[in-house]
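The values are calculated or read from the model by the stated rules, or taken from the named source; none is laboratory data. Keep in mind it's a predicted model, so treat the numbers as computed, not measured. A quick note on method: Cβ atoms are made from the backbone with ideal geometry, for glycine too, and the neighbour counts reach across all protein chains shown. Protein only, heavy atoms only, side chains kept; ligands, DNA and RNA dropped before computing areas. Shrake-Rupley method; radii C 1.70, N 1.55, O 1.52, S 1.80 Å.
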Protein chains: 2
Amino acid sequence: MSAKILKPQAISGFPEWLPEIRAVEQRWLDTIRSCFESYGFTNIETPSVEALDALLAKGETDKEIYVLRRLQADAEEDDSARLGLHYDLTVPFARYTAQHFNALTFPFKRYQMQRAWRGERPQEGRFREFYQCDIDVIAVDTLPLHFDAEMALIIAELLQRLGVAGFQLHVSNRKILAGYVRALGVDDAVAAIRILDKLDKLGSNGVSEALVDGLGIDAARARQLLALGEIKTKDAGFVDRVKQLGAVDPKLEEGLEELAFVMDQLAGLPEGMVVADLSIARGFDYYTGTVYEGRLIDYPGFGSVVSGGRYDDLAGSFIARKLPGVGISLGLSRLFSKLLAEGLIAPARPVPTEILVVLPSEQRRAEATETAATLRRRGYKVELFHAASKLKRQLAYAEKKRIPFVWFPPFDDEGAHEVKDMAAGIQETADPRTWNATEKPVA
Amino acid sequence: MSAKILKPQAISGFPEWLPEIRAVEQRWLDTIRSCFESYGFTNIETPSVEALDALLAKGETDKEIYVLRRLQADAEEDDSARLGLHYDLTVPFARYTAQHFNALTFPFKRYQMQRAWRGERPQEGRFREFYQCDIDVIAVDTLPLHFDAEMALIIAELLQRLGVAGFQLHVSNRKILAGYVRALGVDDAVAAIRILDKLDKLGSNGVSEALVDGLGIDAARARQLLALGEIKTKDAGFVDRVKQLGAVDPKLEEGLEELAFVMDQLAGLPEGMVVADLSIARGFDYYTGTVYEGRLIDYPGFGSVVSGGRYDDLAGSFIARKLPGVGISLGLSRLFSKLLAEGLIAPARPVPTEILVVLPSEQRRAEATETAATLRRRGYKVELFHAASKLKRQLAYAEKKRIPFVWFPPFDDEGAHEVKDMAAGIQETADPRTWNATEKPVA
């Protein structure tokens, strides 16, 4: 063993929590999984790596990819083993669907909760290693709009179940912006939409300036573009407001109808949880219909914690079949670490243990072990203290680890079992085979 | 989007399962977590990477480490960002304990269930990416022997709960071999122990040969060594058998006492689940006391699926405090994939869905949606069919996905709710607010 001491330290961009925070994160992961499964989504887990050419198929994130290399690799081997850590869960899902196409039943509804990696400069809410929680549906040839609404419904329910206050999901449909821009006869449609998408960051004046000065669009058209981008309604009311703007285009019509269907399906959600917001476009190159962007109202500068949308052809890089998909992704590490930094995550107890069984003496070890086993069989999380130390020391251990109950097996042949509720300070006789905690202690 | 189609394919050494197998793996992970927590172990999760010098601190696994490199890294940057994927969970745990030393309460009992990576040549049971499930206890200065017994107890209970037949845990104590070899006056103790450790592979004759011809030990001593290595008892009976061999050494005494304590604590386990096996030594350089090795009786050539032991100083590379530890690790991917290959893992249903709610028509969508929501609120996993297709098609979907119940909301204003048990073929009227599945469908 080396005599040198290495300073153990956090690695920038690779978050790590103390047990009492990790316990909360784990509870979140359980809630997310339970929510996704309640809608019939099935779990898959893909390797951490993909072939590098698969990761580069969309051709735009190459700078962020971590490539693997064996420390002792030979020069020639280095070139053959081109594997990179996945930077999202969409590419792996597309590859998985294509690879296992014949073994899957469509529409294929899957969820995936895994880490992803990007070699970016770390900053608030942006990590090099982070959890993403994704649901996607993929179908052959056509995919009903039903799923576009379901995605929003699930994510809204999930954020409620996680107890995240002030979450708002912005929904739009790319066809609305595309059709409208075409109806106005704007030359550089892509650039115009990209500018409108920044409305929440640049503000109305900023967008106007960028359209007129930057793109050379005339002031009248810029006003018309802005008028569309500023439409935000809590229901399908956006349809009338767009019609009042006068632009006519079949794609625009299609987009309005689709988004109206989605918003109608979401009418049962608490008011303000979902808004139709015609400025948003998201990852411009991928999405072809519905788009989602979820934000925290209280932290407008923080950006999105949820994003997603519909693809016309999700696995097109991997299979010569048309496979439309729609999906939504929760940036778990991003959201969780933000709420943690804002003091909105209450730490859990640092151990799962519900009952500490005291070890009265070495002579009585067998009985104490059996007591612990009995309580464990009954579903309790139980530690047997590790040494026949002074009682004071055993109790101090329970207090330090915030274990809610301490169990005292008989200290001699005449003694009885007793249990102490540490919070209430009450100690009473009890039978390990029948005792019930007044309420199941929280994790 | 690229027009080129990439052939999607499995990456050697990086396992990936279909949904119906992943569901079983997930159930296993749940069982493991539940078992570890029932003994009061707390979860931590560390980053996938560690600083390269931390990974190399023990100086012997350098060939297997995957180093990360940003695809577009500059030459100088490449040298600064020396991060490697962890190859086990022990190094990360040691670093974590040292780094967060002041925030933890000792003895610190943690479990960790994560992937690890090794750039080895893949073969049966050996992957480049694999799940390890570890429990360890670490304490300051001294660590009671209680934990050495608890580790074995937990792993034995776990394998029972997972339903793995023919699992056997071999336990020994390194002090026995070390003391015995010293008592015999063998010169190259390290080499002799290493040979004895291979008794299950080489057999008695092979070990004798290696000791005599390879190491130059005289035949009498080789017989004495072999006599110790061949001792295997289901309880503390090994003590008398060792004493009969006549060797006397204080370290040997200590080891016998420790192992006898551990075996006594395990007396309640089903016979044959744990054996004292004096030939095993395991990762020779690390362990200083108790050692564990778990094997599958039916696959003697497959090697170990569980391993672990006691360290005198677990975090010595990172902190100038003496922190003894004892831990045990289940090679989950290794065990799971072996049982899968042997046909011993029964696939689960490919979806978690318990009830498919039929969509009778677009006109009745609102009621069908509400029916699904009602059932979901009552804890069922429910899919609403995605289109008002012909009934036959909706039923075929349920059959293909092996969804056990199909729910029919009223098809008109006079209709009633009905539910069909797909396995039993029975359909009856039911109220979504009160209906209960005859038995909760299995995953």
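Using a 1.4 Å probe over the heavy atoms of the protein chains, calculate the carbon and sulfur portion of the accessible area of the protein assembly as shown as a whole percent. Please report the intermediate quantities before stating the final value.
Values: 17440 of 36360 Å².
With neighbouring chains kept in place, the figure for the protein assembly as shown is 48 percent.
Per residue, what volume in Å³ does the convex hull of the Cα atoms of the protein assembly as shown enclose? Mind dumping the intermediate values first?
Details: hull volume 170.7 nm³, N = 886.
So the per-residue hull volume is 193 Å³.
Given the options B:73, B:166, B:154, identify the residue whose Cα lies farthest towards the positive end of the charge dipole of region B:69-173 (+1 on Cβ of Lys, Arg; -1 on Cβ of Asp, Glu).
B:166
For chain A, take the longest principal axis of its alpha carbons; what is the angle in degrees between that and the long axis of helix A:391-400, to the nearest 10 within 0 to 90?
The angle comes out at about 10 degrees.
Can you tell me the relative contact order of region A:291-443? Whole percent, Cα pairs under 8 Å, sequence separation 6 or more. Let's see the in-between values first.
Numbers: 223 pairs, mean separation 25.3, N = 153.
Averaging sequence separation for qualifying contacts and normalising by length gives 17 percent for region A:291-443.
Using a 1.4 angstrom probe and counting only protein chains, how large is the accessible area of residue A:420 in Å², to 10?
50
Whenever you get a sec, line up A:182, A:22 from highest to lowest accessible area (probe 1.4 Å, protein heavy atoms).
Details: A:182 135, A:22 15 Å².
Highest to lowest solvent-accessible surface, that is A:182, A:22.
Please list, in chain and number order, the residues 5+ apart from residue A:357 or on another chain whose amide H is under 5 Å from its amide H, with Hs placed from the backbone.
Sorted by chain and number, the residues that satisfy this are A:383, A:384, A:385, A:407.
Any idea what the relative contact order of region A:397-441 is, in percent, if you count C-alpha pairs under 8 Å spaced at least 6 apart?
Working: 48 pairs, mean separation 12.3, N = 45.
Across region A:397-441, relative contact order equals 27 percent.
Based on the Cβ-Cβ distance of residue A:202 and residue A:123, what FRET efficiency does E = 1/(1 + (r/R0)^6) give at R0 = 25 Å, to the nearest 0.05?
Values: r = 20 Å, r/R0 = 0.81.
It comes out at approximately 0.80.
By how many nm would the segment from residue B:160 to residue B:421 lengthen if fully extended, with 0.36 nm per residue of separation less the alpha-carbon distance? Could the numbers behind the result be given before it?
Working: separation 261, 0.36 × 261 = 93.96 nm, distance 3.27 nm.
Full extension from residue B:160 to residue B:421 adds 90.7 nm.
Of the beta bridges DSSP finds with both residues in region B:153-297, what % are antiparallel, to the nearest 5?
Working: 9 of 12 bridges.
Antiparallel bridges: around 75 percent, rounded to the nearest 5.
Who wins for biggest fluctuation among A:149, A:373, A:51 in a Gaussian network model of chain A, springs between alpha carbons below 10 Å?
A:373
Taking a cut-off of 29 Å between Cα atoms, list the lysines near residue A:420, but don't count ones fewer than 8 places away on the same chain.
A:381, A:390, A:392, A:400, A:401, A:440, B:109
Could you give, in nm with one decimal, how far residue A:7 is from each other copy of that position, shortest first, with labels 7 Å out from Cα toward Cβ?
5.1
Could you quickly flag the chain B residue whose beta carbon comes closest to the rotation axis taking B to A, and that distance in whole angstrom?
For chain B, the closest residue to the axis carrying it onto A is B:69, 3.
Shortest first and in nm to one decimal, what separations exist between residue B:393 and its copies in the other chains, measuring from label points 7 Å along the Cα-to-beta-carbon line?
Result, one decimal in nm: 7.3.
List, largest first, the extents of the alpha carbons of chain A along their principal axes, each in whole Å.
Between the extreme Cα coordinates on each principal axis of chain A lie 94, 60, 45 Å.
When the dipole is taken about the Cα centre of region A:73-184, and only Lys, Arg (+1) and Asp, Glu (-1) are charged at their Cβ, what size is it in debye, to the nearest 20?
It comes to approximately 580 debye.
Would you compute, from DSSP H runs of 4+ residues alone, the mean residue ellipticity of chain B at 222 nm, taking -39500 (n - 2.57) per run and dividing by the full residue count, rounded to the nearest 500? Intermediate values should be presented prior to the final figure.
Numbers: 14 runs with 154 residues, N = 443.
Here the helix-only value at 222 nm equals -10500 deg cm²/dmol.
Could you please state, rounded to a whole Å, how far the C-alpha centre of region B:164-234 is from the C-alpha centre of region A:361-412?
So the separation of the two Cα centres works out to 39 Å.
Could you tell me which residue out of B:366, B:210, B:119 lies farthest along the dipole of chain B toward its positive end? Charges go on the beta carbon: Lys and Arg +1, Asp and Glu -1, centred on the Cα centre.
B:366
Between chains B and A, what is the buried accessible area summed over both chains (1.4 Å probe, protein heavy atoms, nearest 100 Å²)? Before the final figure, lay out each step's value.
Values: alone 22550 and 22580 Å², together 36360 Å².
For B against A, buried area totals roughly 8800 Å².
What is the helix-to-structure angle for B:219-229, meaning the angle in degrees between its Cα long axis and the longest Cα principal axis of chain B, kept from 0 to 90 and rounded to the nearest 10?
30
Heavy-atom accessible area of residue A:422 with all protein chains present, probe 1.4 Å, nearest 10 Å²?
40
Sequence gap at least 6, Cα distance under 8 Å: using those rules, report the relative contact order of chain A to the nearest whole percent. Don't skip to the answer; put the middle values down first.
Values: 750 pairs, mean separation 69.3, N = 443.
Normalised by residue count, the contact order of chain A is 16 percent.
Put a dot 7 Å past each Cα toward the Cβ at residue A:431 and residue B:212; how far apart are the dots in nm?
Calculated label separation equals 6.5 nm.
Output the 0 to 90 degree angle, nearest 10, between the alpha-carbon long axis of helix A:90-99 and the longest principal axis computed from the alpha carbons of chain A.
Rounded to the nearest ten degrees, it is 90.
Extension gain residue A:302-residue A:234, at 0.36 nm per residue separation less the Cα-Cα distance, in nm? Each step should come with its number before you reach the end.
Working: separation 68, 0.36 × 68 = 24.48 nm, distance 2.22 nm.
Full extension from residue A:302 to residue A:234 adds 22.3 nm.
Want the number for residue A:396 to residue A:340: 0.36 nm per residue separation, take away the alpha-carbon distance, what's left? Spell out each step's value before the answer.
Details: separation 56, 0.36 × 56 = 20.16 nm, distance 2.87 nm.
So the extension gain works out to 17.3 nm.
With a Förster radius of 60 Å, plug the Cβ-Cβ distance of residue A:103 and residue A:377 into 1/(1 + (r/R0)^6) and report the FRET value to the nearest 0.05. If you can, show how the numbers build up before the last one.
Details: r = 40 Å, r/R0 = 0.66.
Computed FRET efficiency for residue A:103 and residue A:377: 0.90.
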